[in-house]
Amino acid sequence: MKVLTALLALCSVACIIALAWVLGTPAPIDPRVAKLEAELKESRQTIAQLRRDLANRPASLPAPSPSPSVALSAGSAKAPAAGVEPAPVQAGGKGQGANNLREMLKNPGMRAMMEQQQAVQIETSYARLFDQLKLTDEEKAHFKKLLTDRQKAETDLGLKLLDPNLTPEDRKQIMAQAEKNKKTYNDAIKTFMNNDSDWNTFQSWEDTKPERTLYDTMGRSLFASSAEPLSPQQEQTLLNTMTQIRKSPSPEQEAISKAMQDPSQMNDGNIQRMLQMTDQNNQRILQQAATTLTPGQLKTLENYLQQSRSMTETGLRMGSMFMQGGKQ
């Protein structure tokens, strides 16, 4: 289920993650993170200028769709190399945004930029895990390469899923390949760990990754600035609760999640159903959290869940517009 969720996120061009970077990041845990965040900010500014330059092209040239540029700019590590220019793409038409992104990423410079962005995300997302595992510099470099290669493989499959002409059998084959890749990289990482305790730590980290990523982006700062911050134990309990609820969907939730693995199903009706189920899950989180959090902490949690829900809605609607070629 975790791989399916990752591929769905890729199919919607990482809209939610992009918004997370735009809306804010938690306080840096060390100077490396501060440096990476500065690079991200500079990259967004550079790519914004690139988009303006492209928009000012003569009308006779094909204009690129803006949506892919927005998706690629969010969290990008560095600006593209000098002289790198996105491949020309045509605008308009259902699913054209997805085709445009696939065409743009055939350009080596644009693909390299995306891979740089992914490397930065791995550096920031796994920094605390690297410290927990007490890796040497050599071990850390090898582990990061495994994670980066895994992300690249998932991205390749995610881009294939953006093809609006895929048949159900095509999608089935891609998902089967995703499961095969998952096993391959899990085996490689387990061999690298060579320790059951470290492997269990990694699995636990991966299990809570969606919840922890969003919490680190927005929730941590909300609680830190509140009158009653969470203790480390309360924080971990909350993350475990949110993960457990995500991984125990109702039959209806499972059906809509499966349907939206196909980006063409990101229509208004399915988005509304997804948001209704998000509201249901948030109520379950609040009810279970009431056993470990104070009334003040619950109020902060409710605020966090509301902001998270708003981000989810915006990301889904952006993804839907993207798949429709910018048409609402």
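Each reported figure results from applying straightforward, stated rules to the coordinates on display, with no laboratory input. Just so we're clear, the structure is a prediction, and the values are computed from it rather than from any experiment. Note that each Cβ is placed from the backbone with ideal geometry, even for glycine, and that neighbours are counted across all protein chains shown.
Over all directions, how big on average is the projection of the convex hull of the alpha-carbon atoms in segment 208-259, in square nanometres?
For the Cα atoms of segment 208-259, the hull's average projected area reads 4.2 nm².
When the Kirkwood radius is taken over all Cα pairs of segment 135-215, what Stokes-Einstein diffusion coefficient follows at 37 °C and 0.692 mPa s, in µm²/s? Kindly include the intermediate steps, with their values, before the conclusion.
Values: Rh = 14.4 Å.
Taking Rh from Cα pairs, D becomes 227 µm²/s.
Considering only Cα-Cα distances, which of the following residue pairs are longer than 30 Å: Lys183/Lys258; Lys140/Lys299; Lys134/Lys172? All intermediate terms of the calculation are to be shown ahead of the outcome.
Details: Lys183/Lys258 21 Å; Lys140/Lys299 39 Å; Lys134/Lys172 39 Å.
Beyond 30 Å between Cα atoms: Lys140/Lys299; Lys134/Lys172.
So what's the net charge close to Ala141: Lys and Arg +1, Asp and Glu -1, counting the other residues with Cβ under 13 Å from its Cβ? Walk me through the numbers on the way to the answer.
Working: positive: Lys140, Lys144, Lys145; negative: Glu123, Asp137, Glu138, Glu139, Asp149.
Its environment carries a net charge of -2.
Within segment 180-253, report the trypsin sites (Lys or Arg not before Pro) that DSSP leaves as loop and that have at most 15 other Cβ atoms within 10 Å. If you can, show how the numbers build up before the last one.
Numbers: sites: Lys180, Lys182, Lys183, Lys190, Arg212, Arg220, Arg246, Lys247; in loops: Lys247.
Passing both the DSSP loop test and the Cβ count: Lys247.
If I model a spin label at Lys152 and Ala255 as a point 7 Å from the Cα along the Cα→Cβ vector, what separation in nanometres do I get?
About 4.1 nm separates the two model spin labels.
On a full-extension model of 0.36 nm per residue, what is the gain between Met321 and Thr201, subtracting their alpha-carbon distance, rounded to one decimal in nm?
Details: separation 120, 0.36 × 120 = 43.20 nm, distance 3.87 nm.
Answer, rounded to one decimal: 39.3 nm.
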